[in-house]
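The values are calculated or read from the model by the stated rules, or taken from the named source; none is laboratory data. Being a predicted model, the structure only gives us computed values, none of them experimental. Note: ideal-geometry Cβ built from the backbone for every residue, glycine included; neighbour counts use all protein chains shown. Surface areas here come from the heavy atoms of the whole protein model, side chains and all, with no ligands, DNA or RNA. Shrake-Rupley method; radii C 1.70, N 1.55, O 1.52, S 1.80 Å.
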There are 2 protein chains.
Amino acid sequence: MNDTSASLSHDDLLDRLADVAVATGVNVQEGQDLLVSADVTMVPLARRIVERAYARGAGLVTLSYDDEAATLARFRYGGDQAFDHDRPWLHEATARAMADGKIARLKIIGGDPNLLDGQDHEKVAKAERLAAAAGKPVIEKITRFETNWSIVAYASEAWAKTVFPNDENALARLWQAIFAASRVDASVADPTEAWRKHNAALSARRKLLDDKQYDALHFRGPGTDLKVGLAEGHSWGGGAGKTIQGVSCNPNIPTEEVFTTPHATRVDGTVASTKPLAHQGTLIRDIAVRFEGGRIVEASASTGEAALLKLLDVDDGARRLGEVALVPHSSPISASGILFYNTLFDENAACHIALGQSYAKCMKGGGTASAEELGARGANASMIHVDWMIGSGEIDIDGITEAGEAEPLMRGGEWPGEAR
Amino acid sequence: MNDTSASLSHDDLLDRLADVAVATGVNVQEGQDLLVSADVTMVPLARRIVERAYARGAGLVTLSYDDEAATLARFRYGGDQAFDHDRPWLHEATARAMADGKIARLKIIGGDPNLLDGQDHEKVAKAERLAAAAGKPVIEKITRFETNWSIVAYASEAWAKTVFPNDENALARLWQAIFAASRVDASVADPTEAWRKHNAALSARRKLLDDKQYDALHFRGPGTDLKVGLAEGHSWGGGAGKTIQGVSCNPNIPTEEVFTTPHATRVDGTVASTKPLAHQGTLIRDIAVRFEGGRIVEASASTGEAALLKLLDVDDGARRLGEVALVPHSSPISASGILFYNTLFDENAACHIALGQSYAKCMKGGGTASAEELGARGANASMIHVDWMIGSGEIDIDGITEAGEAEPLMRGGEWPGEAR
């Protein structure tokens, strides 16, 4: 804490978060259009973002609000005819318009993690599958960094109550945690400078791992003994990324992870989740799966197992890994001890893996290579991309070299030589 | 008033308005998708509409909120690069998706009539021109009734303060006026039945005028001596309309008018507006124009003249008429004595004309005829469609037959034989 702490109101902090979202997060360019999407409850941050984008010289800014209440109404009142299609026309048009970085994209997340609890699992799975298929063109543009994009968080009442049940200050506490993790709270004198330093540190870690070009990572811990082969010519990401046009952006605010591309057919062993996965309104706890030749062949969960099994059945790629990420157990979000029930935060508290689509950006030459080429080198393809946490203070990780030698990479969840 | 008056809360009245919007207004069909657009301040009505659409068996309902604050931010903070394009890609995709009635459309209006007061006129005109050009594909789908659509109103604070300045009950009074004009207030026992009867009355008036097939209408009153030639094979609209697929819908809630297509080159004389025109955030008062051969050759206004002249310069069709509408001076909205500063209401208080695009539906065979055919018969084409009021209790209108004989149509603003 420093002496600015007393002088920052909630509005000041929202101003700082909007500044970071626009300048460090999406980094909208002079004359570039921007799509901002948010829930209807997120007006105070959304409007600040629009104002700042225009003030930075953006082209046309399109702010479009969704409404979780309308999402829920579909499940409560909609018949089968409301679950046999999505709106691919809208996503296809959006993806075309985003090509060549013409439109940047900023998403504000933070809805109710339990929104769809108690709704018909079949409908939830069907809606998810349709949404994933319809949204694929946009996800591809983003994962290939054809434009600059970012995701930032907004504390909703429902989310706060999930994170801090039975606490009447839940909303204020969640906001405090978001501001801290997003490096805009009063302990930070200059958020833009703080982000510059943080991105530099992540960049150094990435370079080290890129130079190593490990053949595989070996995770060991309670319930986990997993070898994750890495794709041929994998490349590590983390912190700021660069679009094909060379525009820097921070796709996730906050972010602590470095991550790369597993090999879709070279993952073997067992792995246990270390935090619950909040997925499309369902909490999935104690995931335990076994991989054989890259594919999940056994899967269970103590709660939400049905939702997990549905997820794995979306397509063949849903049973394979598209991402592996390393996060020190001492990272600020992990140190907060808060379980956010939200991947944007929880994936930055622990090492994790993601089922489904890989990031072309995490493959050398991935920005221009075809999907077929990337697939041949081991990069997975799927309509989904779902992260879940496998890291903790009890996890050891070795890097396995091309020659088959094991090098200690993380011990007790920490990079060697870094403070625990 | 009847005995239901005491029992209807504001929520009850919103329920009724949502019922009318979904069932009588857009009449969304089993399995048909629905686009609902609203400002972010209109959540209570928008959510009710989504719930009812799903309960009626709609397909996917897409609720998307705009934000007037974001619109304003563009003018306050945006540079030239924010005013050199719109988002045609979005409107083109939406129009394609609406084809063949696949998606119905319901719009909730009621924003701040003075939103853009004090903003740069050049920017306002440029934004309007770009929006009109980009939005044309959707407007064409709607004016050709390729799908069912409707517009309903929601009372915003800013709108209420414009209508009832210096009245602390402004919002409640505007709501009362909206509920009354929309035939859902406590004086109406059964809104659905009330709309059925009202549509039947408008339909009878339309049939009478269709049978007459007047060559022209002659308006006389203070500042007005105008002959409006009617297009060849014009057809009168009003109340419920039918889509190409045969689905009935009420495009405007409320509606009192019957209207048809003027001849783009056969309008001559002078006409004075009888109410201010609230156009894109600018109030234009005391419009006086002279037509020659269908084209406005002189135009003035006591306030907002610059905005009027910009509007006329959007394209050649902006100086010609696309609609002429007859509304008795005793209609409920006129009788309320309220100037709403909103065309959806004010056009139902008085006879009016519209600059710009004609309605294909107001031409015999217009649903299938090409734009060229319709143009050859006198139907105007433009990127704009802007109504303004020319009716009052002092206006007399004759119908001019093919033989050149004048038949009294309205006297003192009323249909002959109907109560004043």
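Data table
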| read-out | value |
| --- | --- |
| Relative pair counts by distance (%), Cα atoms of chain A, 10 Å bins | 5, 22, 34, 28, 10, 1 |
| Per-copy distances of the A:Thr401 label point, shortest first, in nm (7 angstrom along Cα→Cβ) | 10.6 |
| Per residue solvent-accessible surface (Å²) - chain B, probe of 1.4 Å | 38 |
| The range B:6-98 - convex hull of alpha carbons, volume per residue in Å³ | 111 |
| Residues A:Ser248 and B:Thr265, FRET efficiency given R0 of 41 Å [Cβ-Cβ distance, rounded to 0.05] | 0.10 |
| Whole-number D in µm²/s for the protein assembly as shown (Stokes-Einstein; Kirkwood sum over Cα pairs; 25 °C, 0.890 mPa s) | 83 |
| Gyration tensor verdict on the range A:5-181 (Cα atoms; rounded if a/c is under 1.5, prolate if a/b is larger than b/c, oblate otherwise) | oblate |
| Rough spin-label spacing in nm, given labels placed 7 Å along Cα→Cβ, for A:Asp12 and A:His121 | 5.0 |
| Rough spin-label spacing in nm, given labels placed 7 Å along Cα→Cβ, for A:Ala406 and B:Glu92 | 5.8 |
| Using a 7 Å Cα-to-Cβ projection, B:Asp211 label spacings across copies, nm, ascending | 9.4 |
| Cβ-placed point charges (K, R +1; D, E -1), dipole of the range B:106-259 about Cα centre in debye, nearest 20 | 480 |
| Value of relative contact order over the range B:164-273, rounded to a whole percent, pairs C-alpha under 8 Å and six or more apart | 24 |
| The range A:167-199-the range B:127-155 distance, computed between alpha-carbon centres (Å) | 43 |
| Position B:Ser370, label points 7 Å along Cα→Cβ, spacing to each other copy in nm (shortest first, one decimal) | 4.1 |
| Protein accessible area in the range A:5-181, 1.4 Å probe - carbon and sulfur % | 47 |
| Over 26 Å between alpha carbons, listed pairs B:Lys141/B:Lys161; B:Lys136/B:Lys161; A:Lys136/A:Lys364 | B:Lys141/B:Lys161; B:Lys136/B:Lys161 |
| Normalised contact order of chain B, rounded percent, pairs of Cα under 8 Å and 6 or more residues apart | 16 |
| Carbon plus sulfur fraction of accessible area for the range B:304-369, probe 1.4 Å, in percent | 51 |
| Surface/4 estimate of mean projected area, convex hull on alpha-carbon atoms of the range A:212-316, nm² | 8.4 |
| 10 °C / 1.306 mPa s Stokes-Einstein diffusion coefficient of the range A:210-410, Kirkwood radius on C-alpha pairs, µm²/s | 94 |
| The range A:210-410, relative contact order [Cα under 8 Å, separation at least 6], % | 26 |
| Principal axis box of the range B:136-288, alpha-carbon based, largest edge first, Å | 49, 40, 33 |
| Estimated inter-spin distance, A:Ala172 and B:Arg173, nm [label 7 Å along Cα→Cβ] | 4.1 |
| Alpha-carbon centroid distance for the pair the range A:294-357 / the range B:214-241, whole angstrom | 67 |
| Fraction in percent of alpha-carbon pairs per bin - 10 Å, the range B:62-118 | 16, 38, 34, 11, 0 |
